[in-house]
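K.L.:
Before anything else, here's the structure in question.
No lab work stands behind these numbers, since they all come straight from the coordinates. Computed from a predicted structure; not experimentally measured. Reconstructed Cβ throughout: ideal geometry from the backbone, glycine too, with neighbour counts over all protein chains shown.
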Amino acid sequence: MKYPEFAEHKIIQRICEPERQIIFRVPWQDDSGETHINRAFRVEFNSALGPYKGGMRFHPSVYLGIIKFLGFEQVFKNALTGLPIGGGKGGSDFDPKGRSDAEVMRFCQSLMTELYRHLGEYTDVPAGDIGVGQREIGYLFGQYKRVTNRYESGVLTGKGLNWGGSRARREATGYGTVFFVQEMLKARSDSLDGKTCIVSGSGNVAIYAMEKAMQLGAKVVACSDSGGIVVDKQGIDLDLIKQIKEVERRRISAYSEEKKDARYIEDGNIWHVPCEVALPCATENELTGNDAKKLVDQGCMAVAEGANMPTTPEGIRVFQDAGIAYGPGKAANAGGVATSALEMQQNASRDSWTFEYTEARLEEIMANIHLNCYETAREFGASGNYVVGANITGFLKVSKAMVAMGLI
Ligand code: NDP
């Protein structure tokens, strides 16, 4: 047995049990004065390496089980970054779609009026996730500041640039995922240049994955939202996507109204669009075994997950059996949380780095994550298997710290 101390200290049993789980009521009023009640969660999973760190998700599908699995995943992802952050996750079953700014603000204020007592720059530091972007982080931070009477910048990440945010944080998850693909391809003496690429989703992660893939010479031909997919053989017009999604907050179907050559397919399956590189950047379980077969059959050679656990276990098996490069989210999308930790560093030192410097740090972190996963997989007899590499690398880091800290 390689690490007998882990069994002796019951690491598996302890690591699977969150340190703390908070569930609370969030009452708020809509614009017409009607009262609504939502449920919110914060799972503080593991703080062996630093304060709990992980996003808040606002989506009607949110319940404790989703937050727990995301929190568990987050513990090892954060360990992989090599930065001093523990793991946590939170969210609410609130649906921000179709809500006015004032309604979103009242909801965020109500949520933070309870959550603030569990947070702190040395305790628990939430960020964004699905349905929680800079607007929501602003309302959450404002209410935290108001009820604590502290300008504690490091308590939330994903903030606006003129109030403590980090340059390149918005871009970090998507850019990081593409840096990871670049490293996987480099390990196979290949590159992204000239590759045809598809990206699911059109939210924060998807938009900046497309941007970096294009900068590195790839041609992105399809993206999606929960209503359908757009296919643009000429290459997706990213400025138009940003205008539709970031500015106007409309559906992706609007893309084909503006660009007549593009096709919108309602409820279409993006994984049926032929490509060499596929980047799932929308949500969990969006890529099934059959989707994976279709991708492999049509010549896909690399998959990296910008989203959390988008590929089902059957899908992962298909990729691994086919021997294509497959980067699990735990490693491939760790650039977001890594840059959140860089935001915390800037807040702690009351400093603000340039975009170029922050992006260079991100690129270096992603290259290190890739190298560690690659070498650990080889050490444990699973060369080229990034799932094994990422799981073992993250687990060893957290477990060794837990052993060192005794039975707590
Ligand atoms: P956004 O809310 O900005 O975007 C999510 C995108 O995915 C939207 O295009 C959305 O479409 C689509 N989507 C959501 N749910 C579904 C669904 N059930 N079926 C199909 N499409 C869906 O979120 P992010 O981009 O921030 O997050 C995307 C993924 O990346 C998530 O898995 C998240 O956990 C993960 N992640 C995010 C990080 C970050 O820094 N933001 C960091 C690491 C991981 P629609 O608008 O129609 O709902």
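K.L.:
Could you pull out the GluC sites (Glu not before Pro) across the range 201-271 that fall in loop regions by DSSP (anything but H, G, I, E, B) with no more than 13 other Cβ atoms inside 10 Å?
P.N.:
GLU248
K.L.:
State to the nearest 20 debye the size of the charge dipole of the chain about its Cα centre, where the only charges are +1 on K and R beta carbons and -1 on D and E beta carbons.
P.N.:
720 debye
K.L.:
Does the chain classify as rounded, prolate or oblate by the C-alpha gyration tensor (a ≥ b ≥ c root eigenvalues; a/c under 1.5 gives rounded; else a/b over b/c gives prolate, otherwise oblate)?
P.N.:
Judged from the Cα gyration tensor, the chain comes out oblate (a/c at least 1.5, b/c at or above a/b).
K.L.:
For each of TRP163, TRP271, TRP353, count neighbouring Cβ atoms within 10 Å of the residue's Cβ, then give the residues from fewest to most.
P.N.:
Exposure proxy ranking, most exposed first: TRP163, TRP353, TRP271.
K.L.:
So which trypsin sites (Lys or Arg not before Pro) in the range 141-210 pass both tests, a DSSP loop state and at most 14 other Cβ atoms within 10 Å of the Cβ?
P.N.:
ARG150, ARG188
K.L.:
What spacing in nm lies between the two simple spin-label points modelled at SER191 and ASP30, each 7 Å away from Cα in the Cβ direction?
P.N.:
5.3 nm
K.L.:
Which of the aspartates and glutamates could be linked to LYS330 by a straight reach, that is with a Cα gap under 13 Å, when you skip same-chain ones fewer than 8 residues away?
P.N.:
GLU73, GLU284, GLU305
K.L.:
Still on this structure, please answer the following. Extension gain ALA382-GLN21, at 0.36 nm per residue separation less the Cα-Cα distance, in nm?
P.N.:
126.4 nm
K.L.:
Taking the Cα centre of the range 4-165 as the origin, how large is its charge dipole in debye, to the nearest 20, when only Lys and Arg (+1) and Asp and Glu (-1) carry charge on their Cβ atoms?
P.N.:
My answer is approximately 160 debye.
K.L.:
Any idea what the dipole of the range 170-332 comes to, in debye rounded to 20, about its Cα centre with Lys/Arg Cβ at +1 and Asp/Glu Cβ at -1?
P.N.:
Charge dipole, the range 170-332, about its Cα centre: 160 debye, nearest 20.
K.L.:
With unit charges on the beta carbon (Lys/Arg positive, Asp/Glu negative), name the residue among ALA187, ILE236, ALA209 whose Cα is farthest towards the positive pole of the charge dipole of the range 170-332.
P.N.:
ALA187
K.L.:
Can you tally the net charge around GLY131? Count Lys and Arg as +1, Asp and Glu as -1, for every other residue whose Cβ sits under 15 Å from the Cβ of GLY131.
P.N.:
The answer is -1.
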